[in-house]
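Each remark here refers to the structure printed beneath this line.
The values are calculated or read from the model by the stated rules, or taken from the named source; none is laboratory data. Quantities reported herein were computed from a predicted structural model and do not represent experimental measurements. Glycine also receives a Cβ, built like all others from the backbone with ideal geometry; neighbour counts cover every protein chain displayed.
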Amino acid sequence: GIGVVIDFTRHMRTLVEVDAEARTAVVQPGVVLDELRAAAGAHGLTFGPDPSTHSRCTLGGMIGNNSCGAHSVAWGTTADSVQSLTVLGYGGQEWRLGQGWEGGPADLRPLVERNVALLRTGYPQGLPRRISGYAVDALLPENGVDLARAFCGSEGTLGVVTEATVKLVEAPRARALAVLGYADESAAAEAAAGLLSY
């Protein structure tokens, strides 16, 4: 098929604001993750998702594929860190997506309400790192109706992000490595849940 690649790293790479008190940042899609982390780091904060491509990946790309990284068990995926998105739809509409229906496409809520029973059957519960496919379960009332979260991972097929407000977390004061030994893989897997708080 035919695809379009939009490179925002030249003209839409402004880090608009870091609000240390609110622990948020407003970024354009071409901002490189390391640039955001450096700006947030001046306030003792960081952006949680940390893919190995942090020196060159952009926030727009991270939103598009719902990036995570090695520390996703602690801070989650990009969808967990997005507060709101300004999106340009393919008909030229501008949407401000966040929690609730306000700001999104007018025909989306009736579509979800007509199909809510079907939507409830299609998503396994308890998968903390489900990053592929459309996150339409984020549109269910019991999940808080989060349009921004539903948009994450859509690979640009639902619209184009022009600005994002993202959540920041406290940066670790120190990093450490622990090497733990287990009798076998099953024992290691069973112990993993107890280690998440560290």
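Among the residues of this structure, Ala74 does not count as one that is part of a helix (DSSP H, G or I), within 20 Å of Glu163 (Cα to Cα) and of a type in the set (A, V, I, L, M).
Here's the yes/no breakdown for (1) basic (Lys, Arg); (2) over 21 Å from Ser84 (Cβ atoms); (3) surrounded by 13 or more Cβ atoms within 10 Å (Cβ to Cβ):
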residue	(1), (2), (3)
Leu140	no, no, yes
Asn143	no, no, yes
Cys152	no, no, yes
Thr157	no, no, no
Val160	no, no, yes
Glu190	no, yes, no
Ala193	no, yes, no
Tyr198	no, yes, no
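Could you tell me whether Ala135 is surrounded by 15 or more Cβ atoms within 10 Å (Cβ to Cβ), touching a residue at least 24 places away in the same chain (Cβ under 8 Å), within 13 Å of Ala164 (Cα to Cα) and aliphatic (A, V, I, L, M)? Answer is no for this residue. So, in the range 101-122, of the ones that are free of Cβ contacts under 8 Å to residues at least 40 places away in the same chain and part of a loop (DSSP other than H, G, I, E, B), which residue ends up surrounded by the most Cβ atoms within 10 Å (Cβ to Cβ)? Across the range 101-122, the extreme among qualifying residues is Pro105. From the set of residues in the range 52-76 that are within 15 Å of Ala171 (Cβ to Cβ) and either without any contact (Cβ under 8 Å) to a residue 24 or more places away in the chain or not hydrophobic (A, V, I, L, M, F, W, C) (or both), which is surrounded by the most Cβ atoms within 10 Å (Cβ to Cβ)? Checked the range 52-76; the qualifying residue surrounded by the most Cβ atoms within 10 Å (Cβ to Cβ) is Gly69.
Each row is one residue, and each column tells you yes or no for (1) touching a strand residue (DSSP E or B) at 6+ places or on another chain (Cβ under 9 Å); (2) over 26 Å from Val26 (Cβ atoms); (3) aliphatic (A, V, I, L, M).
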{"position": "Glu102", "(1), (2), (3)": "yes, no, no"}
{"position": "Leu111", "(1), (2), (3)": "no, yes, yes"}
{"position": "Leu118", "(1), (2), (3)": "no, yes, yes"}
{"position": "Pro124", "(1), (2), (3)": "no, yes, no"}
{"position": "Arg130", "(1), (2), (3)": "no, yes, no"}
{"position": "Val145", "(1), (2), (3)": "yes, no, yes"}
{"position": "Gly153", "(1), (2), (3)": "no, no, no"}
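This table checks each residue for (1) at pLDDT 95 or above; (2) surrounded by fewer than 18 Cβ atoms within 10 Å (Cβ to Cβ); (3) over 18 Å from the mean Cα position of the chain (by Cα).
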site	(1), (2), (3)
Val5	no, yes, yes
Thr14	yes, yes, yes
Val18	yes, no, no
Ala25	yes, no, no
Pro29	yes, no, no
Ala38	yes, yes, yes
Gly41	yes, yes, yes
Leu45	yes, no, no
Asp50	no, no, no
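In the range 164-198, the residue that is farthest from Val32 (Cα to Cα) out of those that are assigned to a loop (DSSP other than H, G, I, E, B) and touching a strand residue (DSSP E or B) at 6+ places or on another chain (Cβ under 7 Å) is Ala171.
For Gly44, indicate whether it is in contact with a Ser or Thr (Cβ under 7 Å, 6 or more places away or on another chain) and more than 21 Å from Val136 (Cα to Cα). No.
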